[in-house]
Amino acid sequence: MNKKLGLAVAGALVAFSSAANAGITIPAGDWTLDVGGVVNAYYTSTNVTPGGLGYGALWTTNDSLNSTASTAKTQSNITTGLLPNYLSVSGKSRQNDLDIGFTISINPGASTRQAGIQGSQQENRQAFLTIGDASWGSVKLGKDLGIFASNAILNDMTLLGVGSGATLAGNTTTTGRIGTGFMYADWKSQVAYTSPNWNGFQFTAGVTQAFNAIGGSVSATGNNRGGAAPAFEGQASYSFAADQVTGKVWVGGITQKVDLADRAEAVDVGANINFAGFGLTGYYYDGSGIGQTVQLYNGFDTAKKARDSSGGYVQATYTLPTSTKIGVSYGESNLDKNSSGDTLATDLQDSMWTVGAYHPLTKSVNLVAEYSDVRSEYNHAEGKARTVALGAILFF
């Protein structure tokens, strides 16, 4: 048994969403198995001033903090961050001139909020197989991170921390920057093709499980997955390295026919550049019917007309000589009221500033300190949530 520990955050994030993780490696006949995962926990203190619509960045499981309350309140929790705890088992084998692989993961929650009841949140985010070859690429079949907006979340520094949603005690994760800079890529059943890497250029295109619209008269109460036609997603990227400068640029998109309504669709573009200890990330998306936080949530009004949405974030980080990475980021997500016949009173804007420090205590453990300031503006009111988070995250 050979233990391989992730030495960099980027490697850990790639392991988070693919079968190529390198945790505990076990040769097993024709197969090589990898067992890897994440364990994290944070103490959080959030001061919430209710206002705004309250379904975006200010999601909360605490009734005393909902948008109808009139005074600011503070809640403290011990919870996981944006990344869940997870245990992943992957395998790879070369058979009949094909690279064969699989990944299965479990994601237990580590947050409780009621006496005598251990957290009920348990997810299974990955269960997929891959078939491919270096000469022509690979095909993925099963459940994994969605294609559209995936690079947005994988480059977000709050992925190693908490971001927004720290009041979601009892959930598997917080919400990070989801809904305050990008749409949630989500975990989707899919058939996807990824090309070989041609000198830094690569693309992925796939057919993914359709989601039902939630909100308005097209709502499918209690069922967030379905539809007569699948969704189609794609992403193309170019990675480069020159002297001390490395980076990646990408574009992506999604389109899906929605039952009883029109089409939901969106495009995005982003870039990440690193040089001399500095890291810069910029991202933007624009959509119609796609919603503002999770895909298709409130993307349509009661007349089945698509609402426009847009958003993005900018982020700057610097790695100190002590290897501590410090960063600051700002992002916002907007949902536009239709001109007539819409139940939304006004446009909605959710935004968040985050300042964070991420220190590698060991090769496996990062200590994290974050401060996030969330604003939700709707109908001439503003909700606020200010969160301090302190904790640690371990990759293996």
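The values are calculated or read from the model by the stated rules, or taken from the named source; none is laboratory data. Just so we're clear, the structure is a prediction, and the values are computed from it rather than from any experiment. Using ideal geometry, Cβ is built from the backbone for each residue, glycine included, and neighbour counts are taken over all protein chains shown.
Just to check your reading of the model, which residue among Gly37, Gly109 is modelled with pLDDT of 90 or more, within 22 Å of the chain's Cα centre (by Cα) and either of a type in the set (A, V, I, L, M) or under 16 Å from Thr173 (Cβ atoms) (or both)? Walk me through it before giving the result.
Working: Gly109 fails: modelled with pLDDT of 90 or more.
Of Gly37, Gly109, the one residue that is modelled with pLDDT of 90 or more, within 22 Å of the chain's Cα centre (by Cα) and either of a type in the set (A, V, I, L, M) or under 16 Å from Thr173 (Cβ atoms) (or both) is Gly37.
Which numbered condition trips up Asn223, out of (1) modelled with pLDDT under 95; (2) surrounded by 15 or more Cβ atoms within 10 Å (Cβ to Cβ)?
Here Asn223 meets the rest and fails (2).
Considering only segment 295-308, how many residues are buried (at least 20 other Cβ atoms within 10 Å of the Cβ) and either touching a His at 6+ places or on another chain (Cβ under 8 Å) or in a loop (DSSP other than H, G, I, E, B) (or both)? Don't jump to the end; show me each part of the working.
In the first step, residues of segment 295-308 are kept if they are buried (at least 20 other Cβ atoms within 10 Å of the Cβ); the result is 295-301, 306-307.
Those still in the list that are either touching a His at 6+ places or on another chain (Cβ under 8 Å) or in a loop (DSSP other than H, G, I, E, B) (or both) too: 295-296, 298-299, 301, 307.
Matching residues across segment 295-308 total 6.
Have a look at Glu332, Glu377 and point out the one that is out of contact with any Leu (no Cβ under 9 Å at 6 or more places or on another chain) and assigned to a strand (DSSP E or B). Talk me through it step by step, then tell me what you get.
Working: Glu377 fails: out of contact with any Leu (no Cβ under 9 Å at 6 or more places or on another chain).
So the residue among Glu332, Glu377 that is out of contact with any Leu (no Cβ under 9 Å at 6 or more places or on another chain) and assigned to a strand (DSSP E or B) is Glu332.
For Ser135, work out the one condition from (1) in a strand (DSSP E or B); (2) over 22 Å from the mean Cα position of the chain (by Cα) it doesn't fulfil.
(1)
Could you check Glu382 against (1) out of contact with any Phe, Trp or Tyr (no Cβ under 6 Å at 6 or more places or on another chain); (2) surrounded by 24 or more Cβ atoms within 10 Å (Cβ to Cβ) and say which number it fails?
Failed condition: (2).
Among the residues of segment 350-370 satisfying the criterion of being without any contact (Cβ under 8 Å) to a residue 60 or more places away in the chain and over 19 Å from the mean Cα position of the chain (by Cα), which is surrounded by the fewest Cβ atoms within 10 Å (Cβ to Cβ)?
Thr362
Quick one: Ser309 ticks every box in (1) at pLDDT 95 or above; (2) under 19 Å from the mean Cα position of the chain (by Cα); (3) closer than 30 Å to Asn197 by Cα bar one, so which box is it?
The failed condition is (3).
Output the residues belonging to segment 102-129 that are touching a Leu at 6+ places or on another chain (Cβ under 7 Å) and either free of Cβ contacts under 8 Å to residues at least 24 places away in the same chain or crowded, with 17+ Cβ neighbours inside 10 Å (or both).
Matches in segment 102-129: Phe102, Ser105, Ile106, Phe128.
Only one residue in Ala134, Ala166, Ala152 is at pLDDT 85 or above, of a type outside the set (Phe, Trp, Tyr) and surrounded by fewer than 21 Cβ atoms within 10 Å (Cβ to Cβ), so which one is that? Walk me through it before giving the result.
Values: Ala166 fails: surrounded by fewer than 21 Cβ atoms within 10 Å (Cβ to Cβ); Ala152 fails: surrounded by fewer than 21 Cβ atoms within 10 Å (Cβ to Cβ).
From the options Ala134, Ala166, Ala152, the qualifying one is Ala134.
Looking at the structure I just gave you, is Glu265 in a strand (DSSP E or B), under 20 Å from the mean Cα position of the chain (by Cα) and farther than 29 Å from Ser237 by Cα? Can you show your working first?
Details: in a strand (DSSP E or B): yes; under 20 Å from the mean Cα position of the chain (by Cα): yes; farther than 29 Å from Ser237 by Cα: no.
Against the criterion (in a strand (DSSP E or B), under 20 Å from the mean Cα position of the chain (by Cα) and farther than 29 Å from Ser237 by Cα), Glu265 does not qualify.
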